Every structure is written in structure tokens, then in C-alpha cells.
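Let me begin by presenting the structure, written as C-alpha cells, before commenting on it.
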Amino acid sequence: MKKALIIINISKDTSMSLAKQIGDFLKAKKIHFDFLSFDGFSDNPKFSCYDFVITLGGDGTVLFAARNSVEADIPVFPVNLGEFGFIASIQPEEWKTELENYLDGRCEIEERLMIKVCVQRDGKTVYSSFGLNDVVISAKGAATTVSLAVKYNNNPLCRLKADGAIVSTPTGSTAYSASAGGPIVGPNIDVLVLTPLNAFSLSSRPIILNPDGKLDISVEKCRTKELIVTIDGQEPFLMQLGDTVSVSKYEKSIKLISCTTEKFYNALRSKLNWSGVPHA
């Protein structure tokens, strides 16, 4: 290992002091490093010159790092300073042990599905990005329905009159999709989950799809003039009538250090109280 990037979520009180501790640790290991401040929204710099990335924040910081690391196959070491920690599963008190294990090649690395999102307009791609959690198509304003036509592998799947639609990965199934009534999916299962948002029809239900196919969601004529597509809750893009959002499995997976399936289910029980009985 020659060079690391430490991403500091500046909204977390302990992130700066912890970054200094980790920096001193890496310096003693003769590993060069840079700091990058993150405030929840940011441009997408490329991390291709680094061997690994350390995130100091919550799951949102990991999402930001994943989008910028996946193309270059750079692993992410996620230290949790947030509330939930479904993705950022390394606790602050264990960072040194886990980082020692990783540098010594004794740390488990889990690969998670990433999606590629493109917006097509008049036959041209006007926007593209990657997501670890989800992509959401909705009106720009609240409590406003939109009309969407959904195809899967060019076959008509449904037409939705709803507040919008979420396409999530297994990692993102515990996030916005879950709050909208979507299923929770184990992180080691590769699927896409399509979840309508407050659909006008009772027959509109979440559906699980093979990720090797492609979802195309087109904006149809509706009263709403301003629609947005949002990646991982962080990257909004303003859409127009007739635009099509294409969602597919990206050919590369993001590598998350020490984010085991066991830690995911522990977080499911402790963070979401998914226990089956009261006070379990």
C-alpha cells in the first residue's frame, strides 16, 4: 500500500480528531495520504491515484466514496460516525485493529452491487452516474404525482401514477425503499428492487428483478413540470418530459472492507429493531 485518501465528513464532531489519529498511524506505516472534506453534497472527483479510501462519517459518506472508487476498483474502509451504520460498519473504537488486519491481508472484503444510471433525452445521454443505494425518480416538489412508464428489457412492465419510483440495490433496500414498503434484501444477493412511491393504484407493489436486465423509466405527460432523478440521495438531476432513466447493474462491484454479512444482520436487529417479537 502506497497512498490512501481519508474522507472527512465535516458535520461529524469527532471526524477531524480521528482523521489526525489515522493520519499518524499511516505515517508510521510509511503510507502517504491526503485529506478530503465532505459536507453531504460534492462534485465527483476521481480517486484513481489511491490504493484505498478511508471514510469518516456515516453511510452517506460511504455512498459518496463508492461512486468515485468503483471504476478504479479501489476498496473503501468505512468507519461509522453516523446514526445507522448499515454500510459503515467499522466502529470508531475498532478502526486501528481493523486497519491493521486490512494492511496485513487478514481482513474480509465484501463486494456489493452497484448500479449505473443514465438519463436519455432525444436519443442522447445527458447525465450518467453510479449508485450504491438507489436511484429515485420523483417530482421536484413534495406531494405531487408523476406519470412513469416502466420497461424491463424493452418489455412493458407497468405504468405508474405515483409520487415517484425507487430502484434500489440490496445495499439500498434498508434505506428509502424500505420506508416506502419495499423488501429488505440480504447484501450478498444480486437483485434490483423497483418500489413505487405512494402509488395511486393498490395493485402497484414492489417487485424484485434480475439485475442482468435493464430498467427503463420514462417520464410521461403529467401536471408536474419539474421532475428530478436523485442518486443515493446526494446527486439530483433535473429532468424533462420525455426523458428516460435507464438503470442497470454496473460491471464492477464496490469493495467494502470489513463489511460482513454478519455485521449487516446485527445492524438490522439493533438499528431497525427487526427482531420478530417486542423487546427481543
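The values are calculated or read from the model by the stated rules, or taken from the named source; none is laboratory data. Remember, predicted model here, so these are calculated numbers, not experimental data. Counting neighbours? That spans all protein chains shown, and the Cβs are built from the backbone with ideal geometry, glycine included.
Among the residues making up the stretch 130-167, those that are under 22 Å from Cys259 (Cα atoms) and in contact with a Phe, Trp or Tyr (Cβ under 7 Å, 6 or more places away or on another chain) are Phe130, Asp134. Leu26 meets each of the listed conditions (1) out of contact with any Phe, Trp or Tyr (no Cβ under 6 Å at 6 or more places or on another chain); (2) free of Cβ contacts under 8 Å to residues at least 24 places away in the same chain; (3) surrounded by 12 or more Cβ atoms within 10 Å (Cβ to Cβ) apart from (1). In this entry, Gly233 passes the filter for residues that are modelled with pLDDT under 95 and not aromatic (Phe, Trp, Tyr). State whether one or more residues within the stretch 191-207 are of a type in the set (Ser, Thr, Tyr), over 28 Å from Cys259 (Cα atoms) and out of contact with any Lys or Arg (no Cβ under 8 Å at 6 or more places or on another chain). Within the stretch 191-207 (the criterion being of a type in the set (Ser, Thr, Tyr), over 28 Å from Cys259 (Cα atoms) and out of contact with any Lys or Arg (no Cβ under 8 Å at 6 or more places or on another chain)), the answer is yes, since at least one residue qualifies. The single condition from (1) more than 16 Å from the chain's Cα centre (by Cα); (2) not in a loop (DSSP other than H, G, I, E, B) that Thr230 fails is (1). The residue of the stretch 197-212 that is farthest from Arg269 (Cα to Cα), among those that are in a loop (DSSP other than H, G, I, E, B) and not polar (S, T, N, Q), is Phe200. Just one of the numbered conditions (1) surrounded by 18 or more Cβ atoms within 10 Å (Cβ to Cβ); (2) out of contact with any strand residue (DSSP E or B) (no Cβ under 6 Å at 6 or more places or on another chain); (3) at pLDDT 90 or above is not true of Leu227: (2).
Consider the stretch 63-113 and keep the residues that are touching a helix residue (DSSP H, G or I) at 6+ places or on another chain (Cβ under 7 Å) and among the basic types (Lys, Arg). The one that is surrounded by the fewest Cβ atoms within 10 Å (Cβ to Cβ) is Lys96. In the stretch 89-100, the residues that are of a type in the set (D, E, K, R) reach residues that are in a helix (DSSP H, G or I) and modelled with pLDDT of 95 or more with C-beta atoms within less than 8 angstrom, at least six apart or across chains, in these pairs: Lys96/Phe25.
When restricted to residues that are within 25 Å of Thr55 (Cβ to Cβ) and part of a strand (DSSP E or B), the stretch 109-126 contains 7.
Taken together, Leu215, Leu194 contain a single residue that is in the same structural domain as Ser147 (by TED's automatic domain parsing), closer than 19 Å to Thr174 by Cα, among the aliphatic types (A, V, I, L, M) and assigned to a strand (DSSP E or B), which is Leu194. Considering (1) surrounded by fewer than 19 Cβ atoms within 10 Å (Cβ to Cβ); (2) at pLDDT below 95; (3) more than 19 Å from Val229 (Cα to Cα), the lone condition that Pro187 does not fulfil carries the number (1).
Here is a yes/no grid of residues against (1) under 24 Å from Glu71 (Cα atoms); (2) in a strand (DSSP E or B); (3) of a type in the set (Asp, Glu); (4) not assigned by TED's automatic domain parsing to the domain that holds Glu220:
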{"position": "Trp95", "(1), (2), (3), (4)": "no, no, no, yes"}
{"position": "Glu100", "(1), (2), (3), (4)": "no, no, yes, yes"}
{"position": "Cys107", "(1), (2), (3), (4)": "yes, no, no, yes"}
{"position": "Ala142", "(1), (2), (3), (4)": "no, no, no, no"}
{"position": "Val150", "(1), (2), (3), (4)": "no, yes, no, no"}
{"position": "Leu157", "(1), (2), (3), (4)": "no, yes, no, no"}
{"position": "Leu160", "(1), (2), (3), (4)": "no, yes, no, no"}
{"position": "Ala165", "(1), (2), (3), (4)": "no, yes, no, no"}
{"position": "Ser173", "(1), (2), (3), (4)": "yes, no, no, no"}
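For Ser129, indicate whether it is of a type in the set (S, T, N, Q), free of Cβ contacts under 8 Å to residues at least 60 places away in the same chain and not assigned by TED's automatic domain parsing to the domain that holds Ala28. It is false that Ser129 is of a type in the set (S, T, N, Q), free of Cβ contacts under 8 Å to residues at least 60 places away in the same chain and not assigned by TED's automatic domain parsing to the domain that holds Ala28.
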